[in-house]
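For reference, the structure is listed below as structure tokens.
The numbers here are math on the coordinates, done by the rules we state, and not lab data. Since the structure is predicted, the reported quantities are computational estimates derived from the model, not experimental observations. With ideal geometry, Cβ positions are generated from the backbone for all residues, glycine too; neighbour counts draw on all protein chains shown.
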Amino acid sequence: MTDQYHETYMTDALGPLPCCPGCGHERILKDLDSALTKMQIDPRKLVIVTDIGCIGLADRYFKANSFHGLHGRSLTYATGLKLANPELTVVVLMGDGGCGIGGAHLLSAARRNLDITLIIANNFNYGMTGGQHSVTTPIGGLTPTTPGGNVERAIDICAIGAGAGATWAYRGISYDKDLDERIIEGIKHPGFSILDIWELCTAYYMPRNEYNKKELYKLIETSGLNSGLIVQSERGEFGAMYRESAGNLPPAKDISALEPVFGHKLKEQTGVVIAGSAGEKIRSAASLFSRAGIMSNLHATQKDDYPITVMTGHSVSEINLSPVTIEYTAIDSPDYFVIVSEDGLKKTAALVASLGSTTHLIVDEGLQIPDTAATIERLPLVRSAKKAGQFTIGLIALGALIERSEIYPTEALRESVRRHQKPGIVETNLRAIDLGSELAAD
Amino acid sequence: MPLEFIEGNEAIARGAVRAGCGFFAGYPITPASTLLQYMLDLMPRNDGTAIQAEDEIASIGFCIGASMAGRKAMTATSGPGISLYSENIGLAIIGETPLVIVNVQRQGPATGSATKGAEGDIQFTRWITSGGMPIIALSPANVAEAYELTVRAFNLAEQYRIPVFLLTNKEIGLTQETVDLDSVRLPEIINRTRASASEAYKPHQFGSIEQVPVISDFGGEHVTQFTTSTHDQNGYLTSDPEIAQNMIDHYIAKIEAATDEIALYREDMQEGAELLFISYGITSRSASVAVKQLRDEGFGVSSLVIQSLFPVPETAIKAAMKGIRKTIVPEMNMGQYKLEIERLAPDGMSVIGVNKMDTTLLSPSEIIARGGCRD
Ligand SMILES: Cc1ncc(C[n+]2csc(CCOP(=O)(O)OP(=O)(O)O)c2C)c(N)n1
Ligand code: SF4
Ligand SMILES: [Mg+2]
């Protein structure tokens, strides 16, 4: 054995470990020390992450980096540390309490299989807070919070880890002679490894339950749970797989820069609302329309409103175009309002009813609209869309709007389509704009 | 000078890359989900790591770990997620962790209106964790500013070893606007000051209490400590009342002493004005339309738009209120930042809040009318 770094990885600079006499934590920590001493890991590349609880006092007694975090969350810091610096050896010390409150992280760490070693100091109760029951308290176990004996089933940490995909899991007790060797195996395992180590809380669980070292050996038999090495398998390590998949990503899409090459006729901020149904590509048509505005030297804003269940119901886009910077982005009284289908009308009916005479309202000929002071233009939008093809109704309507309003040249909208749409649908889109222009010109 | 049409969330993601962000973790939530998506796309292509965590507690936990290992880290969420961050924000404060936290605010409380905007988390951000220590919070008003303030948030996090909040709103996060990011003036990029390899290192070492300790990353040149518990400058647990108080004083002083340096605001003062608008975020844009309209009508009006909400830029606020008869504070909440203005208001000046949380923007006319601006 070399002692390149330390003859022992535990420091006595802070005095003895703050454990009660006979506490199982002390045995586990000595075995961890023995394992680290045999391994001689560069202490600068080694992090002992601890959870909360008596076991959480341990990290700083090691001559290594120590990270003491929140109750149940130690695996999350370990994950961040390891992802940020794959060179680190990360060992997490957690109590049975941490396994309960941090159960989601235990499952995720097992699924993820990042190279972290989790040592659970499992003493069947919350030592630090006075011996209350935990997720591993055996049935019948007496604790201050189970005065009539525990009736909640204890969890099998290794089985849960295995079920979630842990690639290495061991169960033993703090008296195991070769625990340090098992810890070494766990640390060396290239993935997430769990050591569920059963032990005595001499202050609480042991005296209350007339429990001792012998009982501990017996419990592992009577519990019906497996012990020893329970899982050992191989699966890609998360960090390595992440880095590999990142390296294989296609290059990022180019930024779609907009050149202001067209002119416009706007003197002031102008609000346009288009309302339709999910699946009609309303947002996409609105975006092409907004971008065409920018290509015509205008400022633009766009907001889209649709139900959380995106494939059904309304789709409403609000667009502002303005020759100067746009401050207020809501449209209380739209200058142009386009309604292509029933869903859009339903969503905006109250607004339609409140419109003033300054709004130009373009609606499909088939829609029954509420009384409104707006100037109404009825167009055969649905019929035209049947001709032009699926997903064209938005652009037909906006094509008509641009022809009618002359906010900017129709060519800007056409160019926007050429610039921004996938090649396969450009022709259909341009045809839709033309149809819209013709409707408005008629 | 490429013009683009992008939403605030994308601008923040691009600002993060620009600032040198190397780690992002988040959990999907409207209206912050697209930011998670942009970071998942951008990070791996920019030598970084981005990951969807199992929940918000894990998101911020991953980020704290990654930051302490030397990566500039960011996470993003909205109301329900910010609530889950609370305990870990305390951890980042006590551990002096550089961290950027984006809150794309939505109307609450609780699940509230997931797809609607609000500014309901202002005072929650200030008092976000048990113990009540200061944080830094910036609030952009538009997409370009979201980009700029993201870079500034990273700088401040690194400089002061503290979580820095970017308080945006669905109304910025998910609204596309015309921007030219190249024309946005950005500050120099600041990186944390790292401890010299040849010197002994204490993770929380300061001389005078406002001094920000230098940092040594986990896995770097020193063996280092990080702890959630009350500790001394070595990072060792302590129960010494004097040391405990000294550390608390330090968390407060390092931010308070830098208040003027951190202060970011835009002033638009009018000589002799008796009416003042103090606003921030998306609502400041309605306020600026109101200001222009009132001036056109012949009223004297001044305006202060605050970008650094916390620490409260008191010097600027007090200066702006000189000679003012009435200050209007419009907010998409029921009167939160108004509390800060009220405590700084000179005797005799009235502070009028124009507030709502009906999920819609405050309009300029609403602000003028309800603020009694023509009275
Ligand atoms: C969020 C939170 N809830 C509760 C506590 C209080 N607490 C401190 S230690 C502990 C239980 C620790 O038990 P365990 O993890 O089994 O460790 P042990 O003390 O047995 O070593 C609890 C509940 C806390 N620190 N944080
Ligand atoms: S209370 Fe129990 S777990 Fe804690 S130190 Fe004492 S014996 Fe160990
Ligand atoms: Mg325990």
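3J(HN,Hα) couplings calculated from phi for region B:355-367 with the Karplus curve 6.51 cos²θ - 1.76 cosθ + 1.60 (θ = phi - 60°) are, in sequence order, 10, 6, 9, 8, 6, 9, 5, 6, 8, x, 5, 4, 5 Hz; Gly and Pro show x. Which angle between 0 and 90 degrees, to the nearest 10, do you get for helix B:33-42 versus the longest principal axis of chain B when only C-alpha atoms count? Between helix and principal axis, roughly 50 degrees.
The label point for A:R419 and the one for A:S333, both projected 7 Å from the Cα toward the Cβ, are 3.3 nm apart. Amide H contacts under 5 Å for A:V49: A:F67, A:V91, A:V92, A:L93, restricted to partners 5 or more places along the chain or on a different chain, H placed in the peptide plane at 1.01 Å from N.
Above 19 Å, the calculated P(r) of region B:266-370 contains 35 percent of its Cα-Cα pairs. Sequence-ordered 3J(HN,Hα) estimates for region B:58-65 from the Karplus curve with 6.51, -1.76 and 1.60 and θ = phi - 60° stand at 5, 3, 6, x, 4, 5, 5, x Hz, glycine and proline given as x.
Simple spin-label estimate for A:V324 and A:E438 gives 4.2 nm between the two label positions (7 Å along the Cα-to-Cβ direction from each Cα). When the Gaussian network model of chain A links Cα atoms closer than 10 Å, the mean-square fluctuations of A:P423, A:P144, A:P190 top out at A:P423. Using the Cβ atoms and a cut-off under 14 Å, what net charge is assigned to the surroundings of B:I162, where Lys and Arg are +1 and Asp and Glu are -1? Net charge around B:I162: +1. Where in region A:113-133 does the amide nitrogen come within less than 19 Å of the point 7 Å from the Cα of A:E234, taken along Cα to Cβ? Flagged as within label range: A:113-116. Per residue, chain B reaches -10500 deg cm²/dmol at 222 nm when only DSSP H runs of four or more residues are counted, each adding -39500 (n - 2.57).
Find out how many positive minus negative residues lie around B:K202, taking Lys and Arg as positive, Asp and Glu as negative, among other residues whose Cβ is under 15 Å from that of B:K202.
On the way: positive: A:R60, B:R161, B:R194; negative: B:E96, B:E199, B:D217, B:E221, B:D232.
Once positives and negatives cancel, what remains is -2.
The region of chain A that goes longest without hitting one of the GluC sites (Glu not before Pro) in a DSSP loop, each with at most 15 other Cβ atoms within 10 Å, is A:269-364. With both residues required to sit in region A:24-246, DSSP beta bridges show an antiparallel share near 20%.
Among the trypsin sites (Lys or Arg not before Pro) within region A:299-365, which fall in a DSSP loop and have no more than 15 other Cβ atoms within 10 Å of their own Cβ? Can you show the working numbers first?
Values: sites: A:K303, A:K346, A:K347; in loops: none.
Answer in residue order: no site qualifies.
Diffusion of region A:143-271 by Stokes-Einstein, at 20 °C in a medium of 1.002 mPa s and with Rh set to the Kirkwood radius over alpha-carbon pairs, works out to 108 µm²/s.
Would region B:4-183 count as rounded, prolate or oblate if I go by the C-alpha gyration tensor, calling it rounded below 1.5 in a/c and otherwise prolate when a/b exceeds b/c, oblate otherwise?
Values: a/c = 1.41, a/b = 1.10, b/c = 1.28.
Because its axes are fairly even, with a/c under 1.5, region B:4-183 counts as rounded.
For B:K338, the lysines whose Cα comes closer than 19 Å to its Cα, not counting residues fewer than 8 places off in the same chain, are B:K318, B:K322, B:K326, B:K356.
Here the Karplus curve 6.51 cos²θ - 1.76 cosθ + 1.60, taken at θ = phi - 60°, turns the phi angles of region A:298-313 into couplings of 9, 8, 9, 9, 9, 10, 10, 10, 7, x, 4, 7, 5, 8, 9, x Hz, with x standing for Gly and Pro.
What shape does region B:141-182 take by its C-alpha gyration tensor, where a ≥ b ≥ c are the square roots of the eigenvalues and a/c under 1.5 counts as rounded, a/b above b/c as prolate, and the rest as oblate?
Numbers: a/c = 4.75, a/b = 1.78, b/c = 2.67.
Cα axes put region B:141-182 in the oblate bin.
Taken about its Cα centre, region A:270-441 carries a charge dipole of about 560 debye when Lys and Arg each add +1 at the Cβ and Asp and Glu each add -1 at the Cβ. What lysines does A:K386 reach when the alpha-carbon gap must be under 16 Å and sequence neighbours fewer than 8 apart in one chain are set aside? Excluding near neighbours in sequence, the set is A:K281.
Between A:S245 and A:Q132, the contour length at 0.36 nm per residue exceeds the Cα-Cα span by 36.2 nm.
Close amide H contacts of B:V354 (hydrogens built in the peptide plane, cut-off under 5 Å, sequence separation of 5 or more or a different chain): B:V329, B:E331. For region B:275-373, applying the loop criterion from DSSP together with a ceiling of 15 other beta carbons within 10 Å to the trypsin sites (Lys or Arg not before Pro) yields B:K322, B:R325. Here the Gaussian network model covers chain B, with springs between Cα atoms less than 10 Å apart; of B:G61, B:G95, B:G323, B:G323 fluctuates the most.
Going through the cross-link list A:K38/B:K72; A:K253/A:K347; A:K30/A:K214; A:K303/A:K422; B:K72/B:K292; B:K254/B:K292, which pairs have a Cα-Cα distance over 32 Å in this structure? Spell out each step's value before the answer.
Values: A:K38/B:K72 34 Å; A:K253/A:K347 35 Å; A:K30/A:K214 21 Å; A:K303/A:K422 23 Å; B:K72/B:K292 40 Å; B:K254/B:K292 39 Å.
Exceeds cut-off: A:K38/B:K72; A:K253/A:K347; B:K72/B:K292; B:K254/B:K292.
Length gained on full extension, A:T358 to A:T309, computed as 0.36 nm times the residue gap minus the Cα-Cα distance: 14.3 nm. Taking a straight line from the alpha carbon of A:K63, these aspartates and glutamates sit under 13 Å away, with near neighbours fewer than eight places off in the same chain left out: A:E7, A:D12, A:D33, A:D42.
The long axis of helix A:179-188 is offset from the longest Cα principal axis of chain A by roughly 30 degrees.
Each pair of Cα atoms in the protein assembly as shown enters the Kirkwood radius, and Stokes-Einstein at 10 °C and 1.306 mPa s then converts it into a translational diffusion coefficient of 54 µm²/s.
What value does chain B have for Rg/Rh, both radii from Cα atoms and Rh as Kirkwood defines it?
On the way: Rg = 20.7 Å, Rh = 21.1 Å.
Computed over Cα atoms, the ratio is 0.98.
The chymotrypsin sites (Phe, Trp or Tyr not before Pro) of region A:215-312 include none that meets both conditions, a loop assignment by DSSP and at most 10 other Cβ atoms within 10 Å of the site Cβ.
Is any residue of region A:108-137 close enough, with backbone N under 14 Å, to a label point placed 7 angstrom from the Cα of A:R208 along the Cα-Cβ axis, and if so, which? It comes to A:123-137, nothing else. If I model chain A as equal point scatterers sitting on the Cα atoms and use the Debye formula, what is log10 I(q)/I(0) at q = 0.11 Å⁻¹? Scattering profile of chain A, log10 relative to I(0): -0.76. Between the alpha-carbon centres of region A:391-424 and region B:97-112 there is a gap of 37 Å.
By definition, a body whose alpha carbon gyration tensor gives a ≥ b ≥ c is oblate when a/c is 1.5 or more and a/b is not larger than b/c, and region A:1-112 fits this oblate description. Between B:I248 and A:E215, the simple spin-label model (points 7 angstrom out along Cα→Cβ) gives 4.2 nm. Counting Cβ atoms of other protein chains within 10 Å of each residue's Cβ and taking the mean over peptide A:83-94 gives 4.
How much of the calculated P(r) for region A:24-246 lies past 22 Å, in percent of all Cα pairs?
Details: 11406 of 24753 pairs.
Tail of the P(r) past 22 Å holds 46 percent of the pairs.
Each Lys and Arg Cβ is given +1 and each Asp and Glu Cβ -1; about its Cα centre, region A:252-312 then shows a dipole of about 80 debye. Region B:245-274 and region B:133-181 have Cα centres lying 17 Å from one another.
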